[in-house]
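Everything on this sheet refers to the single structure shown next.
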Amino acid sequence: MKKILSILVVFVSVFALTGCVNPLKKVSNGVENVPITEPQEKTTNSNTISATTKKHADVNLDEDYFFMVKGKKYKAGDKVSNLASVNLKQDSKVVDQKINKNTYLIGGGNIYNSDDKRVFTVTPFNSSSEEITAKYAEIGGFEAGSYSYDSIAKETLDLDISVVGGITFGSTYEEVSSVFGTTDNTYYAESLGYTVYTYKSDKIYRSYEITVDKNNKVSKIKWQNLEYNR
């Protein structure tokens with residue numbers, strides 16, 4: 001059976017959305033639901049990490065989609081509001097934004113510290129069968145860091161962020177490959193010297209991306225898991 005996952009796009013004045021899967025229609029209120037259809041037939045390719053290449057992490061397992069902040073663990077499906085336990089908060093501009101059922105919010109996941117400094121972003125997700133507001137959303141994705149280790153904000157580094165296998169900012173590619181194995185799905189930015197390694201699972205909305213800068217330091221960590229309840 002074909003599954004439909006809708007995207008709710010929020011345009012915030014300070015946020016530029018790029019890399020959209022589908023073109024967006026211009027609407028008066030700045031919000032558009034864009035359906036994404038999962039392919040009915042899946043093909044196997046070299047971008048999927050197989051049992052022979054993975055090591056300490058399995059991108060097909062929900063349990064490997066989490067991030068640690070100051071020693072506390074937050075996983076896919078946890079409430080975004082739980083970040084208050086480490087003195088972090090959602091963007092006040094979007095907490096009352098409505099999210100349709102089975103929909104995630106693009107542009108509405110900025111997380112701030114107590115000094116109102118943005119430290120990372122999450123993907124607010126509504127896995128329920130009813131409409132909710134962003135303040136009740138669940139974590140469907142995580143992204144933190146920059147194109148180089150030296151460009152990461154001090155406020156972000158101070159959070160001692162890590163993910164599965166202990167990968168953190170400043171880890172080396174060798175440490176990444178010892179956790180995730182190898183992947184042919186890479187992007188090299190020649191001008192800035194960083195490389196993005198993408199580790200795809202068997203699910204279309206579940207993957208990891210690790211950016212390693214020109215000095216062989218992990219500078220950005222990103223994952224998505226909108227399949228944790230399926």
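The values are calculated or read from the model by the stated rules, or taken from the named source; none is laboratory data. Since the model is a prediction, treat every value here as computed from it, not as a measurement. Neighbour counts run over all protein chains shown; Cβ positions are idealised from the backbone, glycine included. Protein only, heavy atoms only, side chains kept; ligands, DNA and RNA dropped before computing areas. Shrake-Rupley method; radii C 1.70, N 1.55, O 1.52, S 1.80 Å.
From 206, 230, which residue is buried (at least 20 other Cβ atoms within 10 Å of the Cβ) and basic (Lys, Arg)?
On the way: 230 fails: buried (at least 20 other Cβ atoms within 10 Å of the Cβ).
None of the others qualify; the one that does is 206.
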Could you list, in sequence order, the residues of segment 95-112 that are open to solvent by 20 Å² or more (accessible area, probe 1.4 Å) and under 17 Å from residue 161 (Cβ atoms)? 112
Looking at segment 70-97, I want the residues that are over 24 Å from residue 208 (Cβ atoms) and have a partner that is part of a loop (DSSP other than H, G, I, E, B) and open to solvent by 30 Å² or more (accessible area, probe 1.4 Å) with Cβ atoms under 7 Å, at least 6 apart or on another chain. Which pairs are those? 87/114
So residue 115 clears everything in (1) over 23 Å from residue 61 (Cβ atoms); (2) buried (at least 21 other Cβ atoms within 10 Å of the Cβ); (3) acidic (Asp, Glu) except one condition, right? Which one? (2)
Which pairs have Cβ atoms under 9 Å, sit 6 or more apart or on different chains, and link a residue in segment 183-196 that is more than 10 Å from residue 212 (Cβ to Cβ) to one that is open to solvent by less than 70 Å² (accessible area, probe 1.4 Å) and among the charged types (D, E, K, R)? 192/213
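Mind checking which residues of segment 190-209 are assigned to a strand (DSSP E or B) and aromatic (Phe, Trp, Tyr)? Don't jump to the end; show me each part of the working.
Going through segment 190-209, the residues assigned to a strand (DSSP E or B) turn out to be 194-200, 206-209.
Listed by number, the residues that qualify are 194, 197, 199, 208.
Tally up the residues in segment 82-92 that are closer than 12 Å to residue 135 by Cβ and either of a type outside the set (S, T, N, Q) or buried (at least 17 other Cβ atoms within 10 Å of the Cβ) (or both), please.
The initial filter retains those residues of segment 82-92 that are closer than 12 Å to residue 135 by Cβ, namely 82-84, 89-92.
Applying the additional criterion that residues be either of a type outside the set (S, T, N, Q) or buried (at least 17 other Cβ atoms within 10 Å of the Cβ) (or both) yields 83-84, 89-91.
The qualifying residues number 5.
Would you mention how many residues in segment 173-197 are surrounded by fewer than 19 Cβ atoms within 10 Å (Cβ to Cβ) and either at pLDDT below 95 or closer than 23 Å to residue 63 by Cα (or both)?
Residues of segment 173-197 surrounded by fewer than 19 Cβ atoms within 10 Å (Cβ to Cβ): 173-175, 177-178, 182, 184-193, 195-196.
Checking the rest, the ones that are also either at pLDDT below 95 or closer than 23 Å to residue 63 by Cα (or both) come to 173-175, 177-178, 182, 184-185, 196.
Within segment 173-197, residues that are surrounded by fewer than 19 Cβ atoms within 10 Å (Cβ to Cβ) and either at pLDDT below 95 or closer than 23 Å to residue 63 by Cα (or both) number 9.
Regarding residue 145, is this residue open to solvent by 20 Å² or more (accessible area, probe 1.4 Å) and farther than 24 Å from residue 190 by Cβ?
Working: open to solvent by 20 Å² or more (accessible area, probe 1.4 Å): yes; farther than 24 Å from residue 190 by Cβ: no.
The answer is no for residue 145.
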